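One structure follows; several queries about it will come next.
The values are calculated or read from the model by the stated rules, or taken from the named source; none is laboratory data. Everything quoted here is computed from the prediction, not taken from an experiment. Virtual Cβ from ideal backbone geometry, glycine too; neighbours counted across all protein chains shown. Calculation scope for accessible area: heavy atoms of the full protein, side chains included, ligands and nucleic acids excluded. Shrake-Rupley method; radii C 1.70, N 1.55, O 1.52, S 1.80 Å.
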Amino acid sequence: MKYDLIMNDLSKWGKDESLYRKYYQLKDNAEALNEFLEAINDETELKEIMIHPENIPQYRYEDEFISNNHNVAIIKHPRFIPFFFHEHSFFEIVYVLSGTCKQRIRGKTFTFVQGDLCLIPPNVEHGLEVFDDSLILNILIRRSTFLDIFINTIRDKTEISFFFLENIYARQKVRYLIYHTNEDVLIRNYILDMYLEQLNSDEYSDRIICSILTIFFIQLTRHHKKSLEIPEVNQKGKAYENQFLNYILNNYATVTLKELSEHFNFSVPYCSKLIKSLTGYSFSELLTSVRMQQGERLLLLTQLSIAEISDKIGYEHPETFIRVFKRNFGISPSQYRKGKH
């Protein structure tokens, strides 16, 4: 019953959607269109979007859509909003709740139907067309949330975990994943549960949403891995890349280049060169990136002291962690924690 209520709520036409729809219906009738635009003179921002969608910011940041101290946001895509290309700094899941839509990704156009789901990483140009009463939900996930959600599942070696791994640390990116869930009610209900929890909006909501999202990805892999569409990529070095990333992520607090080279039976110079080739980072740069991601996560989501966090992520002296964190984030760990809470 609760899902019917959510669907009814999502089906309602917002003021912006109604105006976008009217503009779309009148776009070939110049006289009626001018009268309509005159009548909505007070809606300056919406008029600008209708008339000049090319002026919509082409790059969007996490904090524009995801609330402070939150990791995830679930947003209904506005129906009839004029088409525009954009990129963003976060991961996005486009889910067709009902109806159809068209998604353009880097020169390719996909037609999605009810139950289809597309994962899009940061910094990939794309755009969405919804010119009817179809319902599309966008699930936005902070880039830093990856380790929090997947730290316990990266050993599974699923396409989804590698998708997130590669788009954060690897040089060769996977630009999208598409699943055809065939209107799987279980998958739909996980998404609606996250949306409902977001409406609750209390101090526990974000953590519950992250927990549901983890289960959602596992169930998606369990039931629909055979429906997965993934773009063709150069597979050279892929096995080593995934193994290296997994090993470093599972041992980031203690791993050394010598240990890594011995584990994979390579010489130290060759191992160092291979990491640089696969990820674009030196070993120390990659290790620092992983540790900073973890340090940021622990600052935001735990009450551990700076010294405890430093020790947990592999820095013997808190001063070293503070110095490296400040170099990467521009402020100290304590300032970062206060600024985000």
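Taking residue 215 and the conditions (1) touching a residue at least 24 places away in the same chain (Cβ under 8 Å); (2) open to solvent by 50 Å² or more (accessible area, probe 1.4 Å); (3) more than 30 Å from residue 184 (Cα to Cα), which numbered condition does it fall short on, given that it satisfies the others?
It fails just one condition, (3).
While we're looking at this one, here's another question. Is it the case that segment 319-334 has a residue that's under 25 Å from residue 203 (Cα atoms) and in a helix (DSSP H, G or I)?
The answer is yes; a qualifying residue exists.
What are the residues in segment 87-112 that are under 14 Å from the mean Cα position of the chain (by Cα) and part of a strand (DSSP E or B), if any?
Within segment 87-112, 87, 88, 91, 92, 93, 94, 95 meet the criteria.
Here is a follow-up. Please give the number of the condition residue 124 fails out of (1) under 20 Å from residue 174 (Cβ atoms); (2) part of a strand (DSSP E or B); (3) of a type in the set (A, V, I, L, M, F, W, C).
So the condition that residue 124 fails would be (2).
Would you tally the residues in segment 293-308 being farther than 16 Å from residue 339 by Cβ and among the aliphatic types (A, V, I, L, M)?
The qualifying residues number 2.
Only one residue in 272, 277, 305, 282 is open to solvent by 30 Å² or more (accessible area, probe 1.4 Å), more than 28 Å from residue 142 (Cβ to Cβ), at pLDDT 85 or above and small (Gly, Ala, Ser). Which one?
272
Now, a different point. Does residue 105 count as among the hydrophobic types (A, V, I, L, M, F, W, C), buried (at least 21 other Cβ atoms within 10 Å of the Cβ) and on the phi < 0 side of the Ramachandran plot?
Answer is no for this residue.
Something else about it: How do the pairs read when you match residues in segment 317-333 that are on the phi > 0 side of the Ramachandran plot and open to solvent by 90 Å² or more (accessible area, probe 1.4 Å) with residues anywhere that are among the β-branched types (Val, Ile, Thr) and part of a helix (DSSP H, G or I), using Cβ under 9 Å and keeping only pairs 6 or more apart or on different chains?
From residues that are on the phi > 0 side of the Ramachandran plot and open to solvent by 90 Å² or more (accessible area, probe 1.4 Å), there are no pairs.
Give the residues of segment 1-38 that are touching a Lys or Arg at 6+ places or on another chain (Cβ under 6 Å) and either at positive phi or of a type in the set (Gly, Ala, Ser) (or both), sorted by residue number.
Result: no residue meets the conditions.
Select, from 68, 41, the only residue that is on the phi < 0 side of the Ramachandran plot, part of a loop (DSSP other than H, G, I, E, B), of a type in the set (S, T, N, Q) and within 26 Å of the chain's Cα centre (by Cα).
So the residue among 68, 41 that is on the phi < 0 side of the Ramachandran plot, part of a loop (DSSP other than H, G, I, E, B), of a type in the set (S, T, N, Q) and within 26 Å of the chain's Cα centre (by Cα) is 68.
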